[in-house]
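Written below as structure tokens is the structure these notes are about.
No value in this document is a laboratory result; all are computed from the given coordinates. Please read these numbers as outputs of a predicted model, since none were measured by experiment. Positions of Cβ are backbone-derived with ideal geometry, glycine not excepted, and every protein chain shown enters the neighbour counts.
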Amino acid sequence: MAKLILDKMAMQRALTRITYEIVEKNKGVSNLVLIGIKTRGIFLAKRIADRLRQLENVDVPVGTLDITNYRDDVEHDSLSTDVKIANSEINFSIEGKRVILVDDVLYTGRTVRAALSAVMDIGRPSSINLAVLVDRGHRELPIRADFVGKNIPSSQKEKIKVYVSEIDDKDAVEIIK
Amino acid sequence: MAIDINRVLLLGGGPTNIGNENELDAATLARLSALKKNGTKVIYVDNNPFSVTAEEIQPANIYVKEVNFANVTNIINKEKPDAIMATTGGLNAMQVAWQLVESGILKDNNIKLLGIKPKNLQVTMDNEQLRSLLKEINENIIASKIISDEQGAIDFVRDVGLPVIVKPLSSNHDTNRFICNTEEELEDALSKSFSYSYIEHVSIEQSIVGYKEIEMVGVRDQKGDKVLVSGLEDMDPIGIHSGDSIIFAPTQTLINEEYQTLRTATFRIMDSLGITGCCHIQFALNSETSNYFVTKVSPFFTRSTLLAEKASGYPISFISAFLEMGYLLTEIKLPSRFNKFTPFMEPTSDHIVVKIPVWPFEDVPETDKHLNTMMKSVGSTIGIGRSVEEALMKAMHSSQFSPRDILPSVTNMDEDELINQLIHPLSSRILILMEALRRGYSTDELAELTKIDSFYFYKMRQLIRAQDYVNAHPLTKHAVDVGHQYGLGDGMLAQLWHVNISSIRQINLESNFNVTFKQLEPSAGEMIQDTNIYYSSYELENESEPFEEKSALVIGRGGNQLGPNSAADYYTSEILITLHHCGFKTIIMNNNPNAVSLISQLSNKQYIEPIQLGNILNIIELEKPDVVFLPGNRHFLARELVRRNNRHMKIVVLPADQKIATFNARQATNSVITFVDGKDVLPITTFSFLNDDSDRHLSKIINFKEPMETWQQDESTLFDEAKERIDSEKWQGLVEVLFDRNETGHFDFVGIRPTRITQTALLSKTTGINWVAILVRKYIGKLDVNQVKDALNNRNPQRFAIMKAEFPFKKIGSPKLIGNNHQEVGSSLTFENFSSGSRANL
Amino acid sequence: MTDRYLILEDGSAYLGKAFGSLATTTGEIVVNSTMNGYQEIISNQIYHNQIIVFTQPSIGNTGLDHNSYESVLPSARGVIVREYENLAKDHYKRVSLDRYLTQHKIPGIYDVDTRQIQHHLHQFGNMKASIVDVADDHAFDQLHATVLTNQQVSQVATQAPYANPGEGDNVIVVDFGLKSGILRELSRRECNVTVVPWNYSSEQIMDLDPDGVILSTGPGNPLDLPDSVLKMILSIQSQVPVFAMGLGHELFAMANGAKVSKLKVEHHGSNHPIREIITNEIFFASQEQGYAVDSKSIDHSKLFITHIDLVNGTVQGLRHRENPAFSVQFSPDGAPGPHDSNGLFDDFMEMISRRRQNNGNRY
């Protein structure tokens, strides 16, 4: 049984709010870069970038990060950084930048930890913040999102599914029991 | 943002029928100009011989074929279009589009479906998928279930409550529906249903009979911006088909919260279906609880879409074509007479539009005349006013086809019959409701009995009071004033008081009562723009200015009835187009919301008014047209206009009056069509009348073959005889000479008549010569007959054209199969190659 | 059916028929083009001192509904419409439009060419008008001599605070002439609401321990209110989330250094597309505005412009760059008008909960 938690409008508003909060917290958009975590985080990062362009008339760089090779269930110590980030696309320097990592759901925190490792492998940003559309709790690591679209308390048996219209034909967040 | 479309395949609406009037052709024609503006090449498929759209597209790009899967697939293979536009072809075209999606043809040929994504089209065409989508977005739908025992029914009712509708299901027996308001009735219905051995399953659903029916029409662009164009409120509750209901726009009895809830629901549904273009959604609203159900989602053009366009002044047909091509609302450029913000401003009205349907029961007596869930009307008329009463009165006025300005009387009906008709409404329902009020039924009583909101009875009562006052104070200044305020035109006042209309006009003059024409536009007076649409009211400010250039007033046909009416609308449209080409500013007067002739692309000014003497005189007085075109069947109007014509205005009766026909006999098999100009009698072609039975009576001439079957042997003889028979002193224009082929094979002369409207339309299609245009030019003195001769000589026909009438019998549950020419509702056209030779040099 | 006149400051007069009260009144004349919700419009305090012309041709059609009042004591000065229906649909069939207007001493005129009035006002701009029995020189003299009060807020806003209890967040509503729609939206979100007078100080407000503060809609010119209101706003916005609407929005803008000026023609309707800049989407909302924030006067280092009206270009929304505070010119409560922007109340609630999660720190 799927239950709709956020519809298109609510999802739009959550992203809008995150965007404003990013500007508020960073006192502007200078030095800001967005990195979306594959797959849906990328589209969310792009949407945040679109909003920043509308709002501040500035193009904030958007990169994409594939953390498959950083997951803790993958033997990765032997791989070189180049290989590990081969499927990522970050065509800009992150040295001294304020990085905003963007993902769809924050759950155990393992994905984010992997993403943090990957970002640190690539360069030395001045700060890293995390923006997620949904925070569903059940953290296994001490990781906290700086910008949250919606807190959705959930049981571990449930699944949270985020749909983005770019690849899913609709915008929605559903909870599946 | 527009997508790159070079060639679009446009699916036509097919022959007109019940539920499918000229509105599809009107919408298609309106969007043609949008496609042209975008530089898109249009390929058009339709087999409606009365399509005006087809006249506006290069013949090489038209396929005269039925819109079905096989034909459209063939055309796709041949023409390789980039995109397909099905939204103005009605449900049939949408179903063909669906088949094209299912079969993979669109995908294989890389053809884009405009208006809705293929996946979502499937959802809207498949009831189960639509229901689950609506459930997913938390919209209410009527609960229904198939059950096989009583327990199932009880469980169902425990969930959704009473009332419910129980319908036994059987594949080979007709079954009745039971409406169950109480548990006893439910038990009764179930035991009856299950008592038959052939019934194994019963469908049970929530009953919404008596709910208000509300319709919403909106547009949406690719990016997701939306505008709610108009809300429409059916006066009649659920239980009477929306197509048979009296409709008010804007909604009259919804509180803000209810209206906004439905508006939001409309947008949510349009978003979830990713509509780019227009969408029409129907709701059932319980006015006690404000709960609602979604009852129908139509992501394509419907009657109501066009009614919303007429009611709001927002050009949906034009705008939605751009939306389907990928333009955003904020990118669409309307013609410069519109305010540039109009496409993305939500329309707001300072007028009221009332639609009253027109039913075919006089022409098809052998049918159940009760209004129910099956649509039976064949046309509709609208009345527009600045008050509810005025709009209602004008709509009633427009929906009556009596030559005189008077509404039928039902005062003699006995009480039992009145009550019976209140509960089981017939087409005269509005008159019955008013009669009941007149007899002292209270508004609450009537609201309870009919489930019509008491508001409407308040308004009807006002109308009755006004009428009573007028009746009691004949020829007084104040009564004329009251009459005007309540939509009784000068003509009606004259009839009520049994005086000549000039007496009323004299009072107007003395009392300075001036009719004012208000512009119908979508900003309630906020924006200065020219929609060119006007309606009358008696107020202070007149907004319609006469043209400085020479102008022509064309009187339209009003609501569609059975008979040649959709062809007549074609005729009216072609008159307008020709007059425009001849340098006239054109003015149309009509009240049929589905009329092609009323779309804004076809004339410089549109008056939406009852087509009656008083209203026409008002317009003539203001516009002072140089020419007036009047249809031949309006004898009273023709007489009165000629009599009052004191300013040398030219009055042309076209299409010609059939009453001047002369016959020696009453049956015919063939005819010759000639064009008579001065002393020239030019034979054009011959017809065979294809009758399905052996009945050759004139009234049964409904199917045609052109040229005649045996043209090779007989045509030249008949041409010669026709020429001899026609006295050019008496006959001018497009003249038909009829013959009857007797047993010996000889053709007996039958009679002469003006060529009928349907045949004229067919003739234009088959000869490639626009005969309406030629007639118009002839009567305004702009015809060079040598050009007609040249055109006739340059033809090289190689095929038969076959036009067959369509009848509404099946749709309205009549047992008849074949009808006469007063009962046809539309026609279809096909071509068939000659077995040998061509017919050059006639 | 008594004849009465609507007379305008520029000398024009319109003859119509009376309904409602037979009082003689004077006010600013404004045209409202919203198609539904006559009850909400008439009872909105924003129409204090104003005579409302409805372009929707027929009002009174649904009687008066107990859920649709925007204030208990309406303060409009008159109602002008093409036609009205006097029908009661409440439980006891008591309250019709005529009775309501009579009770609240609001005169009405029907059977006038409201479309012409709309055209006239669009051409000549805002002006005073009176509803009178006779349109003679005396009436026009009276009209010209009448000075409308500039103490509008203090006349319609509450004098003493009152509670509207709920189980949820503690929201303080500063009342400048509040419409009930705001309270309805807050109670749908289970807020514990306290409505306070417009002249409460920031200390008084903060002592109520708010989770968030709403600056309400209201009538009249924001420049007529004392600077102390602006000081209150400046102080509050740095401490708790703030959501301002209508007059509240104009005051929020002024507190943050922007200028506000009077429109040539007041705009009352819900037909103008409003663009939300950040998403580039358009939507519709009920707008009742006589004043607008001057976009050139906005200090972009302090405020974002979040919404604009695409038709007249006016600023429709602002947001503070550093504080969780935002404002809109229109009415997001949809009473009357579209529900499109209803989510702004959710945004406000999210701001509140974000602040709480961060233990009083903003982030």
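For chain C, the average shadow cast by the Cα convex hull is 17.5 nm², which is a quarter of the hull's surface. Take the alpha-carbon centre of the range B:256-283, take the same for the range A:30-74, and report the distance between them in whole Å. Going from one Cα centre to the other spans 33 Å. Placing dummy labels 7 Å off each Cα toward the beta-carbon, the span from residue C:142 to residue B:128 is 7.4 nm. Within a straight-line Cα-Cα reach of under 17 Å, residue B:723 can be paired with the following aspartates and glutamates, leaving aside sequence neighbours fewer than 8 residues apart in one chain: B:677, B:680, B:714, B:715, B:736, B:740, B:748. Taking all Cα-Cα distances within the protein assembly as shown, those exceeding 59 Å account for 23%. Listing C:208, B:602 from fewest to most neighbouring C-beta atoms within 10 Å gives C:208, B:602.
All Cα-Cα distances of the range C:152-357, cut into 10 Å bins from zero to the largest, leave 9, 40, 39, 12, 0 percent in each bin in turn. Each DSSP beta bridge with both residues in chain B is either parallel or antiparallel, and the antiparallel ones are about 75%.
A straight chain from residue B:709 to residue B:511 at 0.36 nm per residue would run longer than the Cα-Cα distance by 64.7 nm. Net charge in the neighbourhood of residue B:618 (other residues with Cβ under 11 Å of its Cβ; Lys, Arg +1, Asp, Glu -1) is -3. Distance distribution note for the range B:144-206: the fraction of Cα pairs above 14 angstrom is 46%. Placing a pseudo-label 7 Å from each Cα along the Cα-to-Cβ vector at residue C:124 and residue B:181 gives an inter-label distance of 5.7 nm. Straight-line cross-link reach from residue A:177 at under 12 Å between alpha-carbon atoms covers these aspartates and glutamates, not counting any fewer than eight positions away in the same chain: A:158. Net length available on complete extension from residue B:657 to residue B:374 is 98.4 nm, with 0.36 nm assigned per residue and the Cα-Cα distance removed. Sorted from longest to shortest, the spans of the Cα atoms of the range B:401-513 along the three principal axes equal 46, 27, 21 Å.
Which of the listed residues, A:167, A:79, A:64, is farthest toward the dipole's positive end in chain A, when Lys, Arg count +1 and Asp, Glu count -1 at the beta-carbon? Checked the options; the winner is A:167. Potential lengthening of the chain between residue C:2 and residue C:67 amounts to 20.2 nm, from the contour at 0.36 nm per residue minus the alpha-carbon distance. Estimated from the Cβ-Cβ distance and a Förster radius of 45 angstrom, the FRET efficiency linking residue A:91 and residue B:4 is about 0.95. Based on the Kirkwood approach, the hydrodynamic radius assigned to the range B:174-229 is 15.2 Å, with every pair of different Cα atoms included. Summarised as an ellipsoid, the range C:12-62 has semi-axes of 18, 14, 12 Å, derived from the eigenvalues of the Cα gyration tensor scaled by 5 and square-rooted, with the largest first. Working note: Debye formula, equal point scatterers on the alpha-carbon atoms of chain B, no solvent; log10 I(q)/I(0) at q = 0.07, 0.09 Å⁻¹ is -0.56, -0.95. The ranking of B:642, C:72, B:470 by Cβ neighbour count inside 10 Å, starting from the fewest, reads C:72, B:642, B:470. The share of alpha-carbon pairs in the range C:3-145 lying farther apart than 20 Å comes to 41%. For peptide C:32-38, the mean count of partner chain Cβ atoms within 10 Å of a residue's Cβ comes to 6. First check a/c for the range B:532-658, with a ≥ b ≥ c the square roots of the eigenvalues of its C-alpha gyration tensor; if it is under 1.5, answer rounded, and if not, answer prolate when a/b is larger than b/c or oblate otherwise. Verdict is rounded for the range B:532-658. Peptides C:59-70, B:537-548, B:413-424 ranked from most to least packed by the mean count of surrounding Cβ atoms within 10 Å: C:59-70, B:537-548, B:413-424.
A simple rule links phi to the HN-Hα coupling: the Karplus curve 6.51 cos²θ - 1.76 cosθ + 1.60 with θ = phi - 60°, which for the range C:164-178 gives 10, x, x, 8, x, 4, 8, 10, 9, 9, 8, 8, 9, x, 3 Hz, with x for Gly and Pro.
Note on chain A: the alpha carbon radius of gyration divided by the globular reference 2.2 N^0.38 Å gives 1.00.
The distance separating the Cα centre of the range B:90-113 from that of the range B:6-24 comes to 16 Å. Given R0 = 45 Å, the distance between the Cβ atoms of residue C:204 and residue C:93 translates into a calculated FRET efficiency of 0.50. Helices meeting the span-like rule in chain B (full DSSP H runs, Cα extent of at least 30 Å along the helix axis, mean Kyte-Doolittle score of -0.5 or higher) are absent.
Each of C:23, C:67, C:53 was placed along the dipole of the range C:3-145 (beta-carbon charges, centred on the mean Cα), and the one lying farthest toward the positive end is C:67. For the range C:272-328, the normalised intensity computed at q = 0.20, 0.26 Å⁻¹ comes to -0.73, -1.15 (log10 of I(q)/I(0), Debye sum over alpha carbons, equal scatterers, no solvent).
All Cα-Cα distances of the range B:17-154, cut into 5 Å bins from zero to the largest, leave 2, 8, 16, 18, 17, 13, 8, 6, 5, 3, 2, 1, 0 percent in each bin in turn. Residues C:300, B:370, ranked from the fewest to the most other C-beta atoms within 10 Å, line up as C:300, B:370. Magnitude of the charge dipole for the range B:532-658, about its Cα centre and with charges confined to Cβ atoms of Lys, Arg (+1) and Asp, Glu (-1), is about 500 debye.
Let's test the formula: R0 of 30 Å, r as the Cβ-Cβ distance of residue B:415 and residue B:366. What FRET efficiency results, to the nearest 0.05? Efficiency, rounded to the nearest 0.05: 0.60.
Over 19 Å between Cα atoms: which of B:212/C:89; B:36/B:107; B:765/B:804 fall into that group? Flagged as over cut-off: B:36/B:107. In the range B:384-453, the C-alpha radius of gyration followed by the widest Cα-Cα span (Dmax) gives 12.9, 36 angstrom.
Per residue, the convex hull spanned by the Cα atoms of the range B:723-842 amounts to 172 cubic angstrom. Extending 7 Å from Cα along the Cβ direction at residue B:155 and again at residue C:223 yields two label points whose distance is 7.2 nm. The range B:765-842 and the range B:686-706 have their alpha-carbon centroids 14 Å apart. Taking θ as phi - 60° and the Karplus parameters 6.51, -1.76 and 1.60, the scalar couplings of the range C:95-107 work out to 9, 9, 4, 4, 5, 4, 5, 4, 4, 9, 6, 9, x Hz in sequence order, x denoting glycine and proline.
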